[in-house]
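My questions all concern the structure below.
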Amino acid sequence: MPVRRLNHAVLYIRDVATSVAFYTEVLGFKVDVEIPGRAAFLSAQETLNDHDLGLFAIGSGAPGPQQGRVGLYHLAWEVGTLGELAEIGRALSERGALVGATDHHRSKSFYAKDPDGNEFEVMWRVPREDWPADDDAKMRALDLDADIARWGADLPTGAAAGSVT
């Protein structure tokens, strides 16, 4: 029995209010339930899930994620359009949270860290008919202006070109 998709993620964080502010203001999550100082459950826009992100506070002195240690590297949140990706990229940059931007050929991605150092990806899926035939295509620097010129700011993620709704 294979799994179908990721339903939600749960993160240990230092401070609920700080993390809730970050995820709601930058990524547009909404708060479903908050237990002040202890936990919060957030949902992405238009989700069908009960919640998409759980946050559990473990205190201000807790160590953060450490590169090179066993554990989760990052989560990937998908946006609806390249315009939304650009908007989130600006918000991440303004907060000093942006740590990278990559063109994976099949997706366009920003990488960032939340206030606790948890890394995540925000990505837009390229229309399948535009995926490269070469599975070994090397990643390259993201050129979002060129991508928007090619597909437009409003093409839904993964949709066929010309199918803007």
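The values are calculated or read from the model by the stated rules, or taken from the named source; none is laboratory data. Please read these numbers as outputs of a predicted model, since none were measured by experiment. Backbone-built Cβ (ideal geometry, glycine too); neighbour counts: all protein chains shown.
Any residue at all in region 48-71 that's of a type in the set (Gly, Ala, Ser), surrounded by fewer than 19 Cβ atoms within 10 Å (Cβ to Cβ) and under 25 Å from Ala137 (Cβ atoms)? Give the derivation first.
Narrowing region 48-71 to residues of a type in the set (Gly, Ala, Ser): 54, 57, 59-62, 64, 68, 71.
Checking the rest, the ones that are also surrounded by fewer than 19 Cβ atoms within 10 Å (Cβ to Cβ) come to 54, 59-62, 64, 68, 71.
Those still in the list that are under 25 Å from Ala137 (Cβ atoms) too: none.
No: region 48-71 contains no residue that is of a type in the set (Gly, Ala, Ser), surrounded by fewer than 19 Cβ atoms within 10 Å (Cβ to Cβ) and under 25 Å from Ala137 (Cβ atoms).
Further question on the same structure: Return the total of residues in region 15-41 being within 15 Å of the chain's Cα centre (by Cα) and small (Gly, Ala, Ser).
The qualifying residues number 2.
Then there is this: Among the listed residues Arg38, Arg5, identify the single one that is basic (Lys, Arg), surrounded by fewer than 18 Cβ atoms within 10 Å (Cβ to Cβ) and under 18 Å from Glu121 (Cα atoms). Explain how you work it out, then say what you get.
Numbers: Arg38 fails: under 18 Å from Glu121 (Cα atoms).
Of Arg38, Arg5, the one residue that is basic (Lys, Arg), surrounded by fewer than 18 Cβ atoms within 10 Å (Cβ to Cβ) and under 18 Å from Glu121 (Cα atoms) is Arg5.
Which residue out of Val126, Val79 is assigned by TED's automatic domain parsing to the domain that holds Ala149, touching a helix residue (DSSP H, G or I) at 6+ places or on another chain (Cβ under 6 Å) and not acidic (Asp, Glu)? Explain how you work it out, then say what you get.
Details: Val126 fails: touching a helix residue (DSSP H, G or I) at 6+ places or on another chain (Cβ under 6 Å).
Val79 is the lone residue from the list that is assigned by TED's automatic domain parsing to the domain that holds Ala149, touching a helix residue (DSSP H, G or I) at 6+ places or on another chain (Cβ under 6 Å) and not acidic (Asp, Glu).
Return yes or no: is Gly54 small (Gly, Ala, Ser) and within 18 Å of Phe120 (Cα to Cα)?
On the way: small (Gly, Ala, Ser): yes; within 18 Å of Phe120 (Cα to Cα): yes.
It is true that Gly54 is small (Gly, Ala, Ser) and within 18 Å of Phe120 (Cα to Cα).
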